[in-house]
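The values are calculated or read from the model by the stated rules, or taken from the named source; none is laboratory data. What you see is a predicted model; the values in this text were computed from it and never measured. Don't worry about glycine lacking a Cβ; one is built from the backbone with ideal geometry, like all the others, and counts go over all protein chains shown.
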Amino acid sequence: MVSEQHIKMWESLDINTELLSKMVSAAVKRHEDVFKTQSNRPSSMDYFDDFWANLQTGRIEELQEVKKAKKPLVGTFCIFVPEESVTALGGACYGLCSGSPASIPEAEKELPRNICPLIKSAHGFKLLKACGYTQSADFIYGETTCEAKKKTWEILSKHHPIHVMQIPQKKDKKSLELWKKEIEEFNEHIEEVSGEELTFNKLKDGIETVNSKRDALKRLDKLRGFYPDIMPISGKDALLAMQISFVDEPKRFTQKLHELCDELEARVEQKVSVFEKDVPRLIILGTPFAAPNWKLHDIVETSGAAIINEESCIGHRYYKDNIDTSSATSKEELVDKMLERYADIDCACFTPNEARIEKIKKMIEERKADGVIYYTLAFCHTYNVESFLVSSALKEAGVPFLAIESDYSPEDAGQIKTRIEAFLESIKNKKVG
Ligand code: SF4
Ligand code: SF4
């Protein structure tokens, strides 16, 4: 609920209050249509539903408290930005609004039409002053992972303070040395903003906090995907929880996600599944799903299949590895461990990126998936081009494969549904055959 007090807070952040009020109402309605229409949802999803309803109010209020305590607020678009360092100094590092089609027409006044919707959506939110997260951020940390992003930062920097991390495109020794320097510079910058030293103990604590969040997400992954006959939560609900992991306070989120997992564990024991037995179990591969991009999940799960995992940055790529602090005795060693973990992320921005294919094969095998959908946000060239190598390897391994390229508009939903239904039919025929 948007109160007078929230409106005042938005005004203090130079937010377009009328527009944001309308956007909040639309987002709440869409959430109701997509999520509340499901039956037999775990009751612990209430926390995540409420969080969504208060996304631009309650959580933004909390961020103002962080700001008052002179701790940094850092907005990001990529899982390479070291949230551990910001967390270590009591700040908040969060993903910015970038999953809605509503802000795209505004962005297209400054950006080309034919670039990825994630970037356009985020840029449009800034131009419209319609995202409390962007408006609250002391600065945005961009990175050089793709062409569209790195050129957009030059334009976005005219509207909001931006720092850019140079992420290399290879993982050889020379590139990793550069990357390490970038992490060190990031840490120095966070120290400057907060006026506090990032000591070994603080950094270690920050890393452990984020590791714990990743552990909880790994637990969710196991519960939703590792029991072929019982799927205690829908892919849509799991996606919502993962999307919230990028904006919520990490310790509270971890606790709430464990509460959800406790309920799912009991459901597994009692054999309570939200899907019928024998529905096709799919893994989604590819580009990230920024909230409220629920289109593909909604289509798949209202077409008679279950999504049991996402090989995505809002998904497995984010939580698969922790940073191992056990042997580190200095801050530099912690940074080495951070780098080790980041360099294990197999984003398509790297060349070559062969480890990604092996990881995908393992994910399919472990979860006994019936097929995969390779999802590319429109105009994301790196993931789109890489789909050839992934599809060739998976087809050779006999894994049913469907490629979908889409943006945030609802216009292609009917066409996608038709393709998915045909894909599910072929999986069912294969199972029978
Ligand atoms: S897909 Fe690559 S560029 Fe995009 S968020 Fe993930 S790591 Fe960053
Ligand atoms: S989805 Fe692709 S094009 Fe879009 S921001 Fe990520 S890497 Fe860039």
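Once the range 12-50 is narrowed to residues that are in a helix (DSSP H, G or I) and among the hydroxyl-bearing types (Ser, Thr, Tyr), the residue that is farthest from residue 276 (Cα to Cα) is 12.
Where helices (runs of 4 or more DSSP H) fall wholly inside the range 51-128, the ranges with 1 or more residues that are within 16 Å of ligand 1 (Cβ to nearest atom) are 83-88, 117-128.
Residue-wise test of (1) modelled with pLDDT of 95 or more; (2) more than 14 Å from the chain's Cα centre (by Cα); (3) within 16 Å of ligand 2 (Cβ to nearest atom).
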site: 219; (1), (2), (3): yes, yes, no
site: 228; (1), (2), (3): no, yes, no
site: 245; (1), (2), (3): yes, no, no
site: 252; (1), (2), (3): yes, yes, no
site: 266; (1), (2), (3): yes, yes, no
site: 269; (1), (2), (3): yes, yes, no
site: 272; (1), (2), (3): yes, yes, no
site: 280; (1), (2), (3): yes, yes, no
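Of the helices (runs of 4 or more DSSP H) lying entirely inside the range 306-406, those containing at least 3 residues that are within 15 Å of ligand 2 (Cβ to nearest atom) are 381-396. Just one of the listed residues (79, 140, 119, 115) is within 14 Å of ligand 2 (Cβ to nearest atom) and surrounded by fewer than 22 Cβ atoms within 10 Å (Cβ to Cβ), namely 79.
Okay, residues lined up against (1) of a type in the set (A, V, I, L, M); (2) modelled with pLDDT of 95 or more; (3) under 22 Å from residue 245 (Cβ atoms); (4) away from ligand 1 (no atom under 16 Å from the Cβ):
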site	(1), (2), (3), (4)
290	yes, yes, yes, no
307	yes, yes, yes, yes
311	no, yes, yes, no
321	no, yes, yes, no
324	no, yes, yes, yes
328	yes, yes, no, yes
334	yes, yes, no, yes
338	yes, yes, yes, no
361	no, yes, no, yes
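Applying the set (1) away from ligand 1 (no atom under 16 Å from the Cβ); (2) surrounded by 18 or more Cβ atoms within 10 Å (Cβ to Cβ); (3) without any contact (Cβ under 8 Å) to a residue 24 or more places away in the chain to residue 153 leaves exactly one unmet item: (1).
Which count do you get for residues in the range 173-195 that are more than 28 Å from residue 351 (Cβ to Cβ), in contact (Cβ under 8 Å) with a residue 40 or more places away in the chain and out of contact with any strand residue (DSSP E or B) (no Cβ under 9 Å at 6 or more places or on another chain)? Summing the residues that are more than 28 Å from residue 351 (Cβ to Cβ), in contact (Cβ under 8 Å) with a residue 40 or more places away in the chain and out of contact with any strand residue (DSSP E or B) (no Cβ under 9 Å at 6 or more places or on another chain) in the range 173-195 gives 3.
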